[in-house]
């Protein structure tokens, strides 16, 4: 869809209701209704938006002309059109996970004063691609670019839990389950039990499995299609950092993961 098309839509919508901004706002409300309901008639849309039926018809006409909505010929109800798909298809390629996650990482690190990392799956490793440091002088390790084992890190367990059985088997067979500390889980059965819990609860917690004295927790990041594309983790020294006992931390971490996921186009609805 060209910029001229958008200009034409604005002109059409301004003609439908005094005040172009108000008309655009109402048109967006119509699109949101159709996305939520699947389909809707003119009267139903008018009632939900709080406008006259004739106004709803004019707005729908403008959207219909640009293929943003489609009218079912049998029932006369409106649905989202293929023009929406064309617009949406151009978004994922422009979204950078690091760019979208950066302000969320910084806010989380500032709130809890610990190190926050963003990791993605590469081969049989969790690779840290960005990091926000807490103000503590003890949080000085630079994890960016580090290749960390999937089975011994909170981010890695989040990424493993999102894989299908065949892919997970392949990666773990390639990497093995070497013990990094005395607390590393090296039993495949115990690891699978933990991954089921991670998938169920949406969070992974590790205590000194990668390094003695280091605890961490991680949550998944989803993209527009619902696939896990990364993991957001927070870590700190074991003597002061326990994810399960620190007030509000796990909830804030989950909210941060949800925020980044939304910025990547994910909708839980």
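Okay, here's what the table says:
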item: Selection count where residues are under 20 Å from the mean Cα position of the chain (by Cα) and either within 20 Å of residue 161 (Cα to Cα) or surrounded by 18 or more Cβ atoms within 10 Å (Cβ to Cβ) (or both), scope region 231-258; result: 13
item: Qualifying residue in region 68-82 (condition: at pLDDT below 75, part of a helix (DSSP H, G or I) and surrounded by fewer than 16 Cβ atoms within 10 Å (Cβ to Cβ)); result: no
item: Residue check, residue 99 assigned by TED's automatic domain parsing to the domain that holds residue 153 and at pLDDT 75 or above; result: yes
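The values are calculated or read from the model by the stated rules, or taken from the named source; none is laboratory data. Keep in mind that what you see is a predicted model, and the values were worked out from it rather than measured. For neighbour counting, all protein chains shown are included, and Cβ atoms are generated from backbone atoms with ideal geometry for every residue, glycine included.
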